[in-house]
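Notes for the one structure printed next.
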Amino acid sequence: MKLHQERWSEGWMTMIGRRSLLAVTGLGAAALTLPATAARAATPVPASAPASTPARPRPIDLPAPTAGRPVGTVTLHLVDRARQDPFAPVPGPRELMVQLWYPALGTAGRPRAPYTTARVAAVIETALPLNPGTIGALRPTARTGAPAAPGALPLLLLGHGRKGGRSNCTALAEELAAHGYLVAAIDHTYDAAAVEFPDGRLVRSALSDAPEDWDAAERAEIAARVEDLRFVATELTTGATARRPGLPGADPRRIGALGHSMGGAAAAEAVRRDDRIVAGLDLDGGLFGSPVAELGLDRPFLLLTSLADHDTWSRWREHQRGWGRQLRLGGAGHLGFTDLPHAAGPGELAAHLPAEVYAELFGTIAPGRATELTRAYTRAYFDRFLRGRPSALLNGPATRYPEIEFRWSQGR
C-alpha cells in the first residue's frame, strides 16, 4: 500500500510515463490509477440502497458509419486445437470468441446487434465503474446475421486493450465494414475483462494488476495475443471457418492488424512475426512485450496517440525500416480511441473518478469528434496499404482535422 501511495504522489504524468496507462484499457485503467481511498469510494452502491440507485440510462446510439452501406455482424466460437491455452487453470485447447463486422447486402428482418452480452456488460460496468445498464444501453448500427456482400474483402484483425473486450471499438469496426472491410475483433480469453461462450461459461480476466515481473507478464500476454491473431487470420482465409457457408470472405493477400493499447502492441508484434500482415496500426499503446521497439518493422506501421511521446515509441522510430507515422490526436485521452467516451457521460463515470484521472482517460475532445478523427485516419491508412488508394491525410496536417499533429514521419 505504501508503494502504491508513493507512486500516486509522484503525480499523474509520471504514472502515465510507466506502463500503467499505455498497457491497459478502460476496464483496468481506473483501478490501476486510483489511490486506495478513491478506489473504495468508486465501488458501486449495492442495489439494496434504492434511494441512491441511478435510473437506467436511455439508449445510447454509437455514431453511424459515414458510408450508407449496411453492416452485418456475426459472432464465432473458434477453437485452436493445435495450441494449449497458456492461461487456463485446466489444460485445454485455446478457445476464442470472435466478432465479425462486414458490408451486408441488406438488413431487412435482421435485429439490431447488441453491444455485448448482458453478463459481460455487467462486468464492464462494475470494473469502470459505470451506472448499471450503461453498457447495455449502447446501440451499434450493425444487424445480426445480415447476408454478407460477395467477394474476398480486405481483412482487419482488431485487438482490445488489457482487460478490455472485443466490443470496445465497435464504432470503428462498423465504419471500416461500411467502407468494404471485413473486421475480426477478438476476445483474448483470460485477458479480456469477461468472455461469454455459447454454452454459458463466463470466463473472467486472469491477469494480475500488479505482476511481480511486468516484462515477463507482457511477453507472455503479447505472445498469446499474437498467436490468437495468426490463428484467426488462418481460419478466415484458408481454414475451416473460411469454408462455412454464409460467412463473409477474406482476402489472404490483404490483411492488416490494429488494436487499442495493449492490442496495438500486439498488432506491432504480429506484423513482425507474420509476413501475411501487410500493415499495422497502434491506437495509443506502448510497444511492450516484444522486441519491436528495438528492431522496428519492415512494413508500414502507424501510431495514433494521445501522448506526445513515450520511450517505446521513440525507440521504435529509431529502428523503423518501413513506412511509418506517429500522429497525435490533440485533446484525446487514452480511452478516446474507443467507444467508452460515449458511455462515460450517460453512465456518470466522472462522479466516480478523481477529476485528474477522468481527464487523462477521456481528455477534453468531444466523444463524437474523437470517433470521427480515429475513423478518418484509420480508414485512410488501410485504404492506402490494403487497397492502393493514396490519401493526402497521411502526408501532412489537414485543415479540416486541426487536432491531428504530425509528430514523426518516414516514407511517402
Pairs where the first residue, in segment 124-148, is basic (Lys, Arg) and the second is not in a loop (DSSP other than H, G, I, E, B), C-beta under 9 Å, 6+ apart: ARG139/ILE60; ARG139/ASP61; ARG139/ARG112; ARG143/VAL71; ARG143/GLY72; ARG143/THR73; ARG143/ALA104; ARG143/ARG112
Looking at (1) over 30 Å from PRO147 (Cα atoms); (2) of a type in the set (A, V, I, L, M, F, W, C); (3) assigned to a strand (DSSP E or B), can you tell me which one ILE222 breaks? (3)
Can you pull out the residues in segment 350-393 that are among the small types (Gly, Ala, Ser) and either on the phi < 0 side of the Ramachandran plot or assigned to a helix (DSSP H, G or I) (or both)? ALA350, ALA351, ALA355, ALA359, ALA366, GLY368, ALA370, ALA376, ALA380, SER391, ALA392
Total residues in segment 352-372, condition crowded, with 22+ Cβ neighbours inside 10 Å and touching a strand residue (DSSP E or B) at 6+ places or on another chain (Cβ under 7 Å): 1
Among (1) in a strand (DSSP E or B); (2) at pLDDT below 95 - the single one PRO129 does not satisfy: (1)
May I ask you to list the residues in segment 80-112 that are of a type in the set (Asp, Glu) and more than 25 Å from the chain's Cα centre (by Cα)? none
Can you confirm whether GLY347 is under 21 Å from the mean Cα position of the chain (by Cα) and outside any helix (DSSP H, G or I)? yes
Which numbered condition ALA192 misses (of (1) among the small types (Gly, Ala, Ser); (2) outside any loop (DSSP other than H, G, I, E, B); (3) touching a residue at least 24 places away in the same chain (Cβ under 8 Å); (4) closer than 25 Å to THR312 by Cβ): (2)
With (1) closer than 16 Å to HIS334 by Cα; (2) among the acidic types (Asp, Glu); (3) assigned to a loop (DSSP other than H, G, I, E, B) as the list, and ASP282 as the residue in question, which single condition is left unmet? (3)
Mind listing whichever residues of segment 190-219 are within 14 Å of the chain's Cα centre (by Cα) and closer than 21 Å to ALA233 by Cβ? ASP191, ALA192
I'd like the full set of residues that are assigned to a loop (DSSP other than H, G, I, E, B) and touching a Phe, Trp or Tyr at 6+ places or on another chain (Cβ under 7 Å), limited to segment 86-97. PHE87, ALA88
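A quick yes/no check of all residues on (1) surrounded by fewer than 16 Cβ atoms within 10 Å (Cβ to Cβ); (2) within 23 Å of ALA376 (Cβ to Cβ); (3) touching a residue at least 60 places away in the same chain (Cβ under 8 Å); (4) among the charged types (D, E, K, R):
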{"residue": "THR234", "(1), (2), (3), (4)": "no, no, no, no"}
{"residue": "GLY239", "(1), (2), (3), (4)": "yes, no, no, no"}
{"residue": "PRO245", "(1), (2), (3), (4)": "yes, no, no, no"}
{"residue": "GLY249", "(1), (2), (3), (4)": "no, no, yes, no"}
{"residue": "GLY263", "(1), (2), (3), (4)": "no, yes, yes, no"}
{"residue": "ALA268", "(1), (2), (3), (4)": "no, yes, no, no"}
{"residue": "LEU295", "(1), (2), (3), (4)": "yes, no, no, no"}
{"residue": "ALA308", "(1), (2), (3), (4)": "yes, yes, yes, no"}
For SER290: the one exception among (1) farther than 22 Å from ASN168 by Cβ; (2) in a loop (DSSP other than H, G, I, E, B); (3) in contact with a helix residue (DSSP H, G or I) (Cβ under 6 Å, 6 or more places away or on another chain); (4) of a type in the set (Gly, Ala, Ser): (1)
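The values are calculated or read from the model by the stated rules, or taken from the named source; none is laboratory data. Since the structure is predicted, the reported quantities are computational estimates derived from the model, not experimental observations. Using ideal geometry, Cβ is built from the backbone for each residue, glycine included, and neighbour counts are taken over all protein chains shown.
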